[in-house]
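Q: The structure follows.
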Amino acid sequence: MSGNVRRRLAGSAAIAAVGVLLASCSVNVPDPEAPKPSPSESTLSTPTITPGHDAEAVAAKDLPMTAGSTLASGDPVTVSSRMEEVPGWSLVHSGLQGEVRYKRADGCALAIRVSVNQGPLVVPGDDNASTRALFQYLDAGIAAETLKPASLRWGGDADKPQHSVEFLALDSSSSGGAAALVLARLFSAPASSVYISLACPNPGALASARAEMVSKLAVVPPS
């Protein structure tokens, strides 16, 4: 696979969060000349409907790492965002090569990417191991113990009971200087991933930006 992996296997989300994310999170895109798992396409488009799959039942409960097998094979989740409604945030671009990017007036940057065809990184039936494989692919130096559970809203209907979907997070906040956060999950059943990067000038800005992100992002199951 060529250097397209920079923009296709979630790596470009790290680039989208500007150099500060790479420096503070150590999430580095692999050498484009090195062997790659396989090509992957990225999309935020509406997934197809899988006959016999009870999408409503899946959307009506939390989706921890252990429940990844309840998703339909081949149908990726999507991400719904209303960040532009938050004062200070503006949309940089939407849907460019599968990525949505925002910026905040204080210098924070947010990138959201949904990628498909992630089969070479999938550990069958194990979203936790698959997600760790994704982080390891992005940077083999990431220690497993640095990845912590995190969650976002599961389902895009604000008028329905709220549920959560579990991610793994890499938080590089420190006492001073730039700070960054990466949330990712590789869904093993559909072999697709959601990768979110947030980078800010300092830990305080990151904390407030993270709260705003959590309030305005929702991961939407296939319908």
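The values are calculated or read from the model by the stated rules, or taken from the named source; none is laboratory data. No experiment lies behind these values; they were computed from the predicted model shown. Only protein heavy atoms, including side chains, enter the accessible area calculation; ligands, DNA and RNA are left aside. Shrake-Rupley method; radii C 1.70, N 1.55, O 1.52, S 1.80 Å.
Q: For a quick check: with amide H placed at 1.01 Å from N, whose amide H comes under 5 Å from GLY177's, ignoring anything fewer than 5 positions away on the same chain?
A: none
Q: Is region 83-142 rounded, prolate or oblate when judged by the Cα gyration tensor, a ≥ b ≥ c being the square roots of its eigenvalues, rounded requiring a/c under 1.5 and prolate requiring a/b larger than b/c?
A: Prolate shape, in that a/c is at least 1.5 and a/b is the bigger ratio.
Q: Separate question: Would you grab the residues whose amide H sits under 5 Å from the one on SER151? Only those 5+ places off in sequence or on another chain, please, with H modelled 1.01 Å from N.
A: PHE167
Q: In addition: What percentage of the solvent-accessible surface of region 180-220, computed with a 1.4 Å probe over protein heavy atoms, is contributed by carbon and sulfur atoms?
A: Within region 180-220, the accessible surface is 64 percent carbon and sulfur.
Q: Starting at the first residue of region 91-108, write each ³J(HN,Hα) from the Karplus equation 6.51 cos²θ - 1.76 cosθ + 1.60 with θ = phi - 60°, in whole Hz, x for Gly and Pro.
A: Here the 3J(HN,Hα) series is 7, 8, 7, 10, x, 7, 6, x, 10, 10, 10, 10, 9, 10, 4, 8, x, 5 Hz.
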